[in-house]
Structures are given as C-alpha cells and as structure tokens.
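The values are calculated or read from the model by the stated rules, or taken from the named source; none is laboratory data. Because the structure is a prediction, the values reported are computed rather than measured. Quick reminder, even Gly has a Cβ in these numbers, built from the backbone with ideal geometry, and neighbours come from all protein chains shown. Surface accessibility is based on the protein's heavy atoms, side chains included, excluding ligands, DNA and RNA. Shrake-Rupley method; radii C 1.70, N 1.55, O 1.52, S 1.80 Å.
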Amino acid sequence: MDSALHQIVERIRAAAADATPLCIRGGGTKDFYGEALQGDILDTTALTGITNYEPSELVVTVRAGTPLAELEAALAEKGQCLPFEPPHFGSGGTVGGMVAAGLSGPARASVGAVRDYVLGATLINGRGDVLSFGGQVMKNVAGYDVSRVLAGSLGTLGVIAEVSLKVLPVAPAEATLEFACSQADALRLLNEWGGRPLPLNASCWFEYAGAGALYLRLRGAVAAVEAACTHLGGERKDNARAAADWQALCDQQLPWFDVASGPDALWRLSVPQTAPVLAIDGNAPLIEWHGGQRWYKAPPDQAARIREIAHAAGGHATLFRTPASDIPRFDAMSAPIARIHRALMQEFDPHRIFNRGRLFADA
C-alpha cells in the first residue's frame, strides 16, 4: 500500500472510531450537485496516475484522483476516448468524481452511461478496508457488480481509489446538422430518425431569440456519416466550431444554462424519449439525448408541479442547480429501492461517515 492510500485509510479508520463525518472531495467541480456538503474534507487528489493501459484491449486502469483531462489526453494520443463524454464542470475534475457523480454528456443516449464502462474498482469502505470488485476485462461477470453501483452513488458507499474503464476508438467521421423547427417537430423527427439505421450520436434542441433549432451529431464510418448527411439534409456546421459548441453543452457553458443571476433553478427531467412536449411553465426547455433528457429553468418552489409532470410522463426530476433552497434535490426513492439503498450503505459504511446526506437528507 503506497503512502497516499495509507494516509486515506488511516484517516477513515480514525473517523470511523469517533463517528466523524467525511466529505470525499477530488477537484470539487461537482460540489453543487446533490444535497449540501457535510463533514471534514477528505482530499483524494493524491491518488493519481494511470496504472495500466492496454490500447489494444480497450481498457485503462486509473487512480481516482487523476485529473479527468489527463486521462482524456492520454487516450487521445492513442486515438481513443471515453464515449459517454463526462462533463468536467471545471479544470480540476477527477476520474473518481466522474464515477461518483455518474453524469454523462451529449452522447449518452447513443453509447451508454458512465456505469456501462466501469469494469472494476478498488474501494475503501467505512471500516478502512481496501476492497476490489470487478476486473479489467469486458466479459467479467463473476459476482455482484458492485463496481457499477458506485457510478452515481456520490461517495455514499466509500472512497473510490482506482477504477478500470472500457474505452473505445474515436469515430472515423463526424458531422453536425442544424434544422430549424419547433420543439414538437424536433421530438417527432428524433423519434422517426431513431427507428432508422442512422449513425446518430447526439442531439440538442433549444430556442434562441424566439426560434427553435435542432442540432444533430452523427458519428461513425465515413460512408455512413456522408450518406446520412445527404439523406437528412439540414445545414451542415463547421466541425471545429461544432465540437466547441458540443463541449460547451456538455459542461453547461452555453448561455442558456445561466441561472446564477436570477431566481430560477435548473431542473433536469429524465423521461422516455417518446414523451411529448411537457406542460411546464417558464422558458422553453433545452432537450438532449434524443428527447430523453430535458432541462428547464423554473423556481425551486415549483418542485411539486414539475415532479408531478415528470412522473406522469414516466420519468423523474432532479433539482440540478439552484439558489439556496431546502427543496430536495432528488426524487424520493420507492420503498423497495430505499431498502436496497440503505442495506448497501449499512454494509459499506456502517458508521455513516461518508458524504452524509449527499443523496438524501436522511441517508
């Protein structure tokens, strides 16, 4: 055990002994996400480095405090990438924070989520034990897949020390098309295109200056992308400019996402892609994931109404960014899921020292 890992283990054991809550923190770029931070900071940034990378096997093993940008740069040198396009939300984002938050970028609906690419993980539990789960091969299915449960757990199960991730080659060709259309027409087109053999990778619809525009990103073989562009029409955008815009969308740097200067909060609704236009008051949404992720700006006190609409559509709503508010950030869990959640927490963190209340105020 190296010194960085040893120091974290000893810190955890001491905290468990006197029930001191710890706030697990890497770069801090996702501090805004979830319920309020509690406890003494447990810094994971000393756990750095790519420990194993086999480009021919499409697998990389990396320590949790490694900057996400560093990992992506190493993959890019070999013509590979993290296909789910994790948002950075700042320059200090780490690999561990990426997994713990479980957030994916514009391509999520086409390529899968963070958890789909987690092959294995090393975790330090609430007793200070160093545990390993999963493996470094894509077909490892032995035992309960704890490593993937860590994705989106926001550090409530333990400190992620290292992860093994599946990676993929960068697509040979890419193109972005723009279509002027209403929200209803955009949803109709996306559902229609989704039933065709097209190299769809990402989509985004929003209104600017009162006019709606749908952006569609295609990725795949050169012949497939070129044929799709000819078939679909639309206005083809410059690749370099489009790439910057997609990255800005991923990191919520587009002006549309600015809620810091007003009373509105940023709501994320996860609904079926086939859900119709939702009757939520306020500004028109920004729609991603071929209709499956819809962002709205509305005051926090509209939580009950927004969540009722999301549930009626077959989804759920998250209060993603907000001014100071006591409104729960996440939808309440169903009773069966709550039992599983609490059982996992009891097993991995019996003293409840890790990121207390980060997912839910009472958990």
Q) Taking the condition surrounded by fewer than 18 Cβ atoms within 10 Å (Cβ to Cβ) and within 26 Å of the chain's Cα centre (by Cα), does A224 pass? A) no
Q: Check A260 against each of (1) more than 24 Å from Y215 (Cα to Cα); (2) open to solvent by less than 20 Å² (accessible area, probe 1.4 Å); (3) not basic (K, R) and name the one condition it does not meet.
A: (2)
Q) If we scan the stretch 84-99, do we find a residue that is assigned to a strand (DSSP E or B) and under 29 Å from F360 (Cβ atoms)? A) yes
Q: Find the residue count for the stretch 33-56, including only residues that are assigned to a loop (DSSP other than H, G, I, E, B), open to solvent by 40 Å² or more (accessible area, probe 1.4 Å) and either under 30 Å from V170 (Cβ atoms) or in contact with a helix residue (DSSP H, G or I) (Cβ under 8 Å, 6 or more places away or on another chain) (or both).
A: 3
**Q.** Conditions (1) open to solvent by less than 10 Å² (accessible area, probe 1.4 Å); (2) under 30 Å from D258 (Cβ atoms); number of the one not met by C181
**A.** (1)
Q.
Yes or no: the stretch 57-67 includes at least one residue that is in contact (Cβ under 8 Å) with a residue 12 or more places away in the chain, surrounded by 22 or more Cβ atoms within 10 Å (Cβ to Cβ) and part of a helix (DSSP H, G or I).
A. no
Q: Write out, first by first residue and then by second, each pair whose Cβ atoms fall under 6 Å of each other, whose residues are 6+ apart or on separate chains, and whose first residue, in the stretch 97-113, is open to solvent by 10 Å² or more (accessible area, probe 1.4 Å) while the second is in a helix (DSSP H, G or I).
A: G102/V114; S104/V114; R108/W289; A109/W289; A109/H290
(Q) Restricting to the stretch 291-304, and then to whatever is modelled with pLDDT under 95 and in a strand (DSSP E or B), can you tell me which residue is farthest from C204 (Cα to Cα)? (A) A298
(Q) Let me spell it out: the conditions are (1) touching a residue at least 60 places away in the same chain (Cβ under 8 Å); (2) farther than 20 Å from V159 by Cβ; (3) not hydroxyl-bearing (S, T, Y), and F84 meets all of them except one. Which number is the exception? (A) (1)
Q: Please find, among R339, R352, R307, the residue that is open to solvent by 40 Å² or more (accessible area, probe 1.4 Å) and assigned to a helix (DSSP H, G or I).
A: R339
Q.
So, in the stretch 297-319, how many residues would count as being touching a residue at least 24 places away in the same chain (Cβ under 8 Å) and over 16 Å from P272 (Cα atoms)?
A. 8
Q: Tell me, please, whether a residue that is among the hydroxyl-bearing types (S, T, Y), within 19 Å of the chain's Cα centre (by Cα) and more than 30 Å from P172 (Cβ to Cβ) can be found in the stretch 268-290.
A: yes
Q) When the stretch 169-192 is examined, which residues are found to be in a helix (DSSP H, G or I) and free of Cβ contacts under 8 Å to residues at least 60 places away in the same chain? A) D185, R188, L189, E192
**Q.** Residue count, the stretch 68-88 (criterion: open to solvent by less than 30 Å² (accessible area, probe 1.4 Å), among the hydrophobic types (A, V, I, L, M, F, W, C) and in contact with an Asp or Glu (Cβ under 9 Å, 6 or more places away or on another chain))
**A.** 2
